[in-house]
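Structure first, then comments.
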Amino acid sequence: MTVDELIQRAKAFGLPITKNQFEGTVDDPVPPLPYLVYLIPHEIGMGADYKNNLKTQDFELELYTEEDGEELSQKIEEEIFPDVEYEKYSAYIREEECFQTAYEVRGLLKKVKGVRK
(Lines give C-alpha, C1' and ligand atoms only; values in the text may rest on other atoms or scores of the structure.)
Protein backbone atom coordinates (compact mmCIF):
# COMPACT_ATOMS: atom_id res chain seq x y z
CA MET A 1 0.00 0.00 0.00
CA THR A 2 1.26 3.48 -0.84
CA VAL A 3 0.23 7.01 0.10
CA ASP A 4 -0.92 7.59 -3.49
CA GLU A 5 -3.22 4.55 -3.33
CA LEU A 6 -4.74 5.77 -0.05
CA ILE A 7 -5.29 9.23 -1.55
CA GLN A 8 -7.09 7.66 -4.53
CA ARG A 9 -9.31 5.65 -2.19
CA ALA A 10 -10.10 8.78 -0.17
CA LYS A 11 -10.95 10.76 -3.32
CA ALA A 12 -13.23 7.95 -4.52
CA PHE A 13 -15.08 8.02 -1.18
CA GLY A 14 -17.17 10.92 -2.43
CA LEU A 15 -16.67 13.65 0.19
CA PRO A 16 -14.92 16.95 -0.60
CA ILE A 17 -11.20 16.43 -0.01
CA THR A 18 -8.04 18.53 -0.06
CA LYS A 19 -4.42 18.36 1.01
CA ASN A 20 -3.45 20.15 4.27
CA GLN A 21 -6.44 22.53 4.55
CA PHE A 22 -9.26 24.13 2.64
CA GLU A 23 -8.49 27.74 1.69
CA GLY A 24 -11.88 29.44 1.69
CA THR A 25 -12.38 32.47 -0.56
CA VAL A 26 -15.44 34.47 -1.59
CA ASP A 27 -15.51 32.71 -4.97
CA ASP A 28 -14.56 29.28 -3.60
CA PRO A 29 -15.71 28.90 0.03
CA VAL A 30 -14.85 25.99 2.29
CA PRO A 31 -17.35 23.20 1.56
CA PRO A 32 -20.01 22.38 4.13
CA LEU A 33 -19.34 19.54 6.57
CA PRO A 34 -18.59 16.66 6.25
CA TYR A 35 -15.29 16.80 4.39
CA LEU A 36 -11.84 15.17 4.40
CA VAL A 37 -8.33 16.61 4.70
CA TYR A 38 -5.18 14.56 4.14
CA LEU A 39 -1.61 15.27 5.17
CA ILE A 40 1.78 13.70 4.64
CA PRO A 41 3.40 14.93 7.86
CA HIS A 42 6.61 12.91 7.84
CA GLU A 43 8.97 11.38 5.28
CA ILE A 44 12.31 9.63 5.65
CA GLY A 45 14.70 9.10 2.73
CA MET A 46 16.53 5.78 2.84
CA GLY A 47 18.90 3.97 0.56
CA ALA A 48 22.14 2.25 -0.10
CA ASP A 49 25.23 2.78 -2.25
CA TYR A 50 25.16 6.52 -1.56
CA LYS A 51 21.68 7.02 -3.06
CA ASN A 52 18.31 7.49 -1.42
CA ASN A 53 16.05 5.20 -3.40
CA LEU A 54 13.23 4.68 -0.92
CA LYS A 55 11.04 6.90 1.21
CA THR A 56 8.93 5.95 4.14
CA GLN A 57 5.92 8.20 4.40
CA ASP A 58 3.32 8.75 7.07
CA PHE A 59 -0.25 9.53 6.01
CA GLU A 60 -3.03 11.21 7.95
CA LEU A 61 -6.66 11.46 6.94
CA GLU A 62 -8.96 13.73 8.92
CA LEU A 63 -12.75 13.58 8.80
CA TYR A 64 -14.63 16.72 9.89
CA THR A 65 -18.33 16.40 10.78
CA GLU A 66 -21.05 18.40 12.53
CA GLU A 67 -22.01 15.50 14.76
CA ASP A 68 -20.24 12.44 16.13
CA GLY A 69 -19.88 10.93 12.61
CA GLU A 70 -19.54 7.32 13.80
CA GLU A 71 -21.42 5.85 10.81
CA LEU A 72 -19.33 7.81 8.34
CA SER A 73 -16.21 6.83 10.24
CA GLN A 74 -17.08 3.13 9.96
CA LYS A 75 -17.57 3.49 6.18
CA ILE A 76 -14.16 5.16 5.90
CA GLU A 77 -12.56 2.28 7.78
CA GLU A 78 -14.27 -0.25 5.50
CA GLU A 79 -13.60 1.53 2.19
CA ILE A 80 -10.30 3.37 2.67
CA PHE A 81 -8.46 1.38 5.35
CA PRO A 82 -9.73 -2.24 5.11
CA ASP A 83 -6.22 -3.67 4.63
CA VAL A 84 -4.10 -1.02 6.37
CA GLU A 85 -3.11 -0.70 10.01
CA TYR A 86 -4.00 2.70 11.44
CA GLU A 87 -4.39 4.64 14.66
CA LYS A 88 -7.63 6.55 15.14
CA TYR A 89 -8.23 9.66 17.23
CA SER A 90 -11.45 11.62 17.79
CA ALA A 91 -11.98 15.07 19.29
CA TYR A 92 -14.42 17.94 19.36
CA ILE A 93 -12.92 21.20 18.09
CA ARG A 94 -14.69 23.94 19.98
CA GLU A 95 -13.34 26.86 17.90
CA GLU A 96 -14.59 25.24 14.68
CA GLU A 97 -17.75 23.77 16.23
CA CYS A 98 -17.14 20.38 14.65
CA PHE A 99 -15.84 16.90 15.35
CA GLN A 100 -12.56 15.61 13.97
CA THR A 101 -11.78 11.95 13.48
CA ALA A 102 -8.15 11.45 12.46
CA TYR A 103 -6.50 8.34 11.06
CA GLU A 104 -2.72 7.89 11.10
CA VAL A 105 -0.87 5.36 8.95
CA ARG A 106 2.89 5.11 9.44
CA GLY A 107 5.81 3.82 7.44
CA LEU A 108 4.41 3.37 3.93
CA LEU A 109 7.18 2.69 1.41
CA LYS A 110 7.63 4.57 -1.85
CA LYS A 111 10.32 4.07 -4.48
CA VAL A 112 11.99 7.31 -5.46
CA LYS A 113 11.67 8.39 -9.10
CA GLY A 114 14.41 7.15 -11.37
CA VAL A 115 15.15 3.98 -9.41
CA ARG A 116 14.83 0.72 -11.27
CA LYS A 117 11.94 -1.33 -9.97
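If I filter region 1-16 down to residues being at pLDDT below 95 and aliphatic (A, V, I, L, M), which single residue comes out as surrounded by the most Cβ atoms within 10 Å (Cβ to Cβ)?
Residue satisfying both the conditions and the ranking: Val3.
Please pick out the residue among Val26, Val30 that is of a type in the set (Val, Ile, Thr) and open to solvent by 90 Å² or more (accessible area, probe 1.4 Å).
Val26
Tally up the residues in region 65-84 that are within 14 Å of Phe99 (Cα to Cα) and without any contact (Cβ under 8 Å) to a residue 24 or more places away in the chain, please.
2
Name, by its number, the condition in (1) closer than 23 Å to Glu97 by Cβ; (2) modelled with pLDDT under 95 that does not hold for Glu60.
(2)
If you go through region 80-112, how many residues are of a type in the set (S, T, N, Q) and either out of contact with any strand residue (DSSP E or B) (no Cβ under 6 Å at 6 or more places or on another chain) or open to solvent by 80 Å² or more (accessible area, probe 1.4 Å) (or both)?
Counting residues in region 80-112 that are of a type in the set (S, T, N, Q) and either out of contact with any strand residue (DSSP E or B) (no Cβ under 6 Å at 6 or more places or on another chain) or open to solvent by 80 Å² or more (accessible area, probe 1.4 Å) (or both) gives 1.
Lys19 versus (1) free of Cβ contacts under 8 Å to residues at least 40 places away in the same chain; (2) more than 15 Å from Glu104 (Cα to Cα): which is the lone unmet condition?
All conditions are met except number (2).
Looking at Glu62, is it touching a residue at least 40 places away in the same chain (Cβ under 8 Å), open to solvent by 90 Å² or more (accessible area, probe 1.4 Å) and not β-branched (Val, Ile, Thr)?
It is false that Glu62 is touching a residue at least 40 places away in the same chain (Cβ under 8 Å), open to solvent by 90 Å² or more (accessible area, probe 1.4 Å) and not β-branched (Val, Ile, Thr).
Based on what the data block shows, is Lys55 more than 16 Å from Gln100 (Cβ to Cβ), more than 13 Å from the chain's Cα centre (by Cα) and surrounded by 16 or more Cβ atoms within 10 Å (Cβ to Cβ)? Break it down stepwise before answering.
Values: more than 16 Å from Gln100 (Cβ to Cβ): yes; more than 13 Å from the chain's Cα centre (by Cα): yes; surrounded by 16 or more Cβ atoms within 10 Å (Cβ to Cβ): yes.
Yes; evaluated as a whole, the condition is true for this residue.
Restricting attention to region 17-45, report how many residues are modelled with pLDDT under 95, closer than 26 Å to Tyr86 by Cα and charged (D, E, K, R).
Qualifying residue count, region 17-45: 1.
Assess whether Leu6 counts as being in contact (Cβ under 8 Å) with a residue 40 or more places away in the chain, under 15 Å from Arg106 (Cβ atoms) and of a type in the set (A, V, I, L, M, F, W, C).
Against the criterion (in contact (Cβ under 8 Å) with a residue 40 or more places away in the chain, under 15 Å from Arg106 (Cβ atoms) and of a type in the set (A, V, I, L, M, F, W, C)), Leu6 qualifies.
Can you tell me which condition Lys75 does not meet? The list is (1) over 21 Å from Lys111 (Cβ atoms); (2) open to solvent by 90 Å² or more (accessible area, probe 1.4 Å); (3) part of a loop (DSSP other than H, G, I, E, B); (4) not hydroxyl-bearing (Ser, Thr, Tyr), and all the others hold.
(3)
The values are calculated or read from the model by the stated rules, or taken from the named source; none is laboratory data. Keep in mind it's a predicted model, so treat the numbers as computed, not measured. Cβ sites come from the backbone with ideal geometry, for glycine too, and all protein chains shown count toward neighbours. Side chains are part of the model used for accessible areas, which takes the heavy atoms of the whole protein and leaves out ligands, DNA and RNA. Shrake-Rupley method; radii C 1.70, N 1.55, O 1.52, S 1.80 Å.
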